[in-house]
Amino acid sequence: MASMAAITTTVLLFFIMILYSSTINATTTTTQQRFKEAPKFYNSPNCPAIQQSDKCSDDAVHVAMTLDATYLRGSMAAILSVLQHSSCPENILFHFVTAASSSTSFLNTTLSSSFPYLKFQIYPFHDAAVAGLISTSIRSALDCPLNYARNYLANLLPSCVRRIVYLDSDLVLVDDISKLAATPLPNDAVLAAPEYCNANFSAYFTPSFWSNPSLSLTFASRRPCYFNTGVMVIDLERWRAGDYTTKIEEWMELQKRMRIYELGSLPPFLLVFAGNIGPVDHRWNQHGLGGDNFRGLCRDLHPGPVSLLHWSGKGKPWARLDANRPCPLDALWTPYDLLQTPFALEA
């Protein structure tokens, strides 16, 4: 009887441990995530001085990102990577766009606790502005209204902010962001991004689009190439002058009437800008590390040097690490992970 009681107790403890482990796992994937404080990074001697109150300085590098609880862990890693590799980290101004329904106080507190010296501002984005324009895509995560906030940056950010670097939350930089921010834009270009002209551009639109001459002729005077919208340098002055938000919305409205693409927020950007953007070296967006949009399989880097690693696609490094199924390249993301685990030991 004693041995049976011992076995029963052991089994019970085993299930309690599983339950506790599941609870911990659930906790670290919600808004209860807690993050470590990042080290402070200082400017090099040759950096221009920028005052804390100067939100519009042209000497600053303005970085725009979206921010929400789901991708917060990725955002924190991205911020750390930007600061760590910058020669003038104190001159980087972050502009975070978050859903108006989000807990802004939680996000603000989290940023301030982990980055006490960070210069940043949070802008609420009202889902209603775009919700009626969103069409279902091949992956439900792509249909989140916040994915479309990049269309409205020119309206959300102060008019004195003239140029920004837009970054997704599932990436890390391993180079100085000021090099990317200094990308020259041709006279008529509104944005710059790495182009991938070997990709099958026609695959981003439906047969209905290509069979309709009034639509397919959109690209008649351009040589369009695929580019990933997760890393862009945007001239907000030119964007506002050309009212490009309206141009993107017009394509989204057409998509609601007749399906001309499958991918969510990317195709409207391609329709408006492809073939007329400033060039950026591929090293600044080694994308696709999250695999495809269906299975999220492991991928290797593209040939050539690397300044930015981007886990675009279904698989995110933090999720694969938590599931104990990391891809080899996920090890390159781990050093920037600021998540405070329940079992972390104090130094």
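The values are calculated or read from the model by the stated rules, or taken from the named source; none is laboratory data. Quantities reported herein were computed from a predicted structural model and do not represent experimental measurements. We place every Cβ from the backbone using ideal geometry, glycine too, and count neighbours over all the protein chains shown. When the accessible area is computed, the model is the full protein with side chains, heavy atoms only, and any ligands, DNA or RNA have been set aside. Shrake-Rupley method; radii C 1.70, N 1.55, O 1.52, S 1.80 Å.
Values as computed for the structure displayed
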{"item": "Residue in region 57-72 that is part of a helix (DSSP H, G or I) and closer than 20 Å to PRO124 by Cα present", "result": "yes"}
{"item": "Where a residue in region 89-105 is more than 30 Å from ASN46 (Cα to Cα) and its partner, wherever it lies, is of a type in the set (Gly, Ala, Ser) and open to solvent by 10 Å² or more (accessible area, probe 1.4 Å), with Cβ under 8 Å and at least six apart", "result": "SER102/ALA69; SER103/ALA69"}
{"item": "Qualifying residue in region 167-187 (condition: out of contact with any strand residue (DSSP E or B) (no Cβ under 8 Å at 6 or more places or on another chain) and at pLDDT below 95)", "result": "yes"}
{"item": "Residues being among the small types (Gly, Ala, Ser) and more than 14 Å from the chain's Cα centre (by Cα) - total across region 37-87", "result": "8"}
{"item": "Subset of region 262-291 (residues that are open to solvent by 10 Å² or more (accessible area, probe 1.4 Å) and either more than 28 Å from VAL174 (Cα to Cα) or in a loop (DSSP other than H, G, I, E, B) (or both))", "result": "GLU262, LEU263, SER265, VAL272, GLY275, ASN276, ILE277, VAL280, ASP281, HIS287"}
{"item": "Contacts under 6 angstrom Cβ, first residue in region 111-131 being under 28 Å from GLN52 (Cα atoms), partner among the small types (Gly, Ala, Ser) and not in a strand (DSSP E or B), 6 or more apart", "result": "SER114/ALA38; PHE115/ALA38; PRO124/ALA100; PHE125/ALA149; HIS126/ALA100"}
{"item": "Extreme residue, modelled with the highest pLDDT, among residues of region 52-68 that are of a type in the set (Ser, Thr, Tyr) and surrounded by fewer than 21 Cβ atoms within 10 Å (Cβ to Cβ)", "result": "SER57"}
{"item": "TYR117 vs. criteria in a loop (DSSP other than H, G, I, E, B), of a type in the set (Phe, Trp, Tyr) and surrounded by 13 or more Cβ atoms within 10 Å (Cβ to Cβ)", "result": "yes"}
{"item": "Test: residue in region 224-239 that is charged (D, E, K, R), modelled with pLDDT of 95 or more, surrounded by fewer than 20 Cβ atoms within 10 Å (Cβ to Cβ) and on the phi > 0 side of the Ramachandran plot", "result": "no"}
{"item": "Failed criterion for ARG257 (all others in (1) open to solvent by 30 Å² or more (accessible area, probe 1.4 Å); (2) touching a residue at least 12 places away in the same chain (Cβ under 8 Å) hold)", "result": "(2)"}
{"item": "Residue satisfying all of: in region 184-199; part of a loop (DSSP other than H, G, I, E, B) and touching a Gly at 6+ places or on another chain (Cβ under 8 Å); surrounded by the most Cβ atoms within 10 Å (Cβ to Cβ) among these", "result": "VAL190"}
{"item": "Selected residue (only one of ARG240, ARG257 is over 19 Å from the mean Cα position of the chain (by Cα) and over 26 Å from ILE164 (Cβ atoms))", "result": "ARG257"}
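To keep it simple, each residue is scored yes or no on (1) over 20 Å from THR334 (Cα atoms); (2) modelled with pLDDT under 85; (3) buried (at least 17 other Cβ atoms within 10 Å of the Cβ).
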| site | (1), (2), (3) |
| --- | --- |
| VAL11 | yes, yes, no |
| PHE15 | yes, yes, no |
| THR23 | yes, yes, no |
| PRO39 | no, no, no |
| PHE94 | yes, no, yes |
